[in-house]
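The values are calculated or read from the model by the stated rules, or taken from the named source; none is laboratory data. All of these numbers come straight from a predicted model, not from anything done at the bench. Cβ placement follows ideal geometry from the backbone for every residue including glycine, while neighbour counts extend to all protein chains displayed. Ligands, DNA and RNA are stripped out before the accessible areas are found, and what is left, the full protein with its side chains, is counted by its heavy atoms. Shrake-Rupley method; radii C 1.70, N 1.55, O 1.52, S 1.80 Å.
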Amino acid sequence: MSAHDHDFPKTTVTQFLIALLGGLFAPGLVIFMIIKMVLGIQATHLIDSDPVVATVKVVERIRPVAEVSLSDANAGPHVDKSGELVVKEVCSACHAIGALGSPKIGDKTAWTPRLSQGYETLVSHATAGIRQMPARGGNAELTDGEVAGAVAYMANQAGANFKAPQPKAEAAPAAEPAKK
Ligand code: HEC
């Protein structure tokens, strides 16, 4: 009995020390990782604050943008986007869901009475705007040809067979909407 009495507290102390070490080690590890992270962030900032490195980095960051605008400037005369693309980018904002009471793309019931006005009238309405339909779909940068192409594309989705005016430059292979 006395031997047992003696052993018991010893084990408890050992266990206590192990638990204490473990308890200190876990938060210690976390603190160590946080310090490493902060040092790592500071190291990146130090490199950035070097004027030469910073300049190189800025140039690298803006280069894609600069290249795009350069190639745009070299592209020469404006090439009209295809009707399909204009519809996707501009007109579908309303016409895909019939917003504001717009005739939905592909909805023959909505489009048929409008189609009977004829292509020219539809194009002039789309260009100048009519009631809730904003001029050029609200995008003043669209050319006449792009608006006309978009009208043809949308109307043809509803069964019309309008022919979009030929784009000015011949570099638009997608100008002819694929027959479906
Ligand atoms: C802000 C929403 C909106 C956008 C964007 C929009 N439309 Fe419309 N569109 C309308 C509405 C609303 C009508 C129905 C107007 C009415 O008849 O009262 C309409 C009607 C039309 C009509 C039929 C006009 C007629 O005389 O019946 C055409 C064609 C048309 N839109 C073409 C376009 C084209 C092409 C684009 C893109 C360049 C475009 N729309 C973008 C809202 C929009």
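Within the range 96-133, the set of residues being near the ligand (Cβ under 8 Å from one of its atoms), hydroxyl-bearing (Ser, Thr, Tyr) and open to solvent by 40 Å² or more (accessible area, probe 1.4 Å) comprises just one member, Thr121. Scanning the range 80-103 turns up one or more residues that are touching a Cys at 6+ places or on another chain (Cβ under 7 Å) and modelled with pLDDT of 75 or more.
Here is a check on your reading of the model: is Pro77 more than 9 Å from the ligand (Cβ to nearest atom) and either open to solvent by less than 50 Å² (accessible area, probe 1.4 Å) or out of contact with any Ser or Thr (no Cβ under 8 Å at 6 or more places or on another chain) (or both)? Criteria met by Pro77.
Restricting attention to the range 136-145, does a residue exist that is more than 10 Å from the ligand (Cβ to nearest atom), among the hydrophobic types (A, V, I, L, M, F, W, C) and open to solvent by 60 Å² or more (accessible area, probe 1.4 Å)? Can you show your working first?
At the first step, the residues of the range 136-145 found to be more than 10 Å from the ligand (Cβ to nearest atom) are 140-141, 143-145.
Cutting the leftovers down to among the hydrophobic types (A, V, I, L, M, F, W, C) gives us 140.
Checking which are open to solvent by 60 Å² or more (accessible area, probe 1.4 Å) leaves us with 140.
Checking the range 136-145: at least one residue is more than 10 Å from the ligand (Cβ to nearest atom), among the hydrophobic types (A, V, I, L, M, F, W, C) and open to solvent by 60 Å² or more (accessible area, probe 1.4 Å).
If the condition is being in a loop (DSSP other than H, G, I, E, B) and either of a type in the set (Lys, Arg) or touching a residue at least 40 places away in the same chain (Cβ under 8 Å) (or both), then the range 118-151 contributes Arg131, Asn139, Leu142, Thr143.
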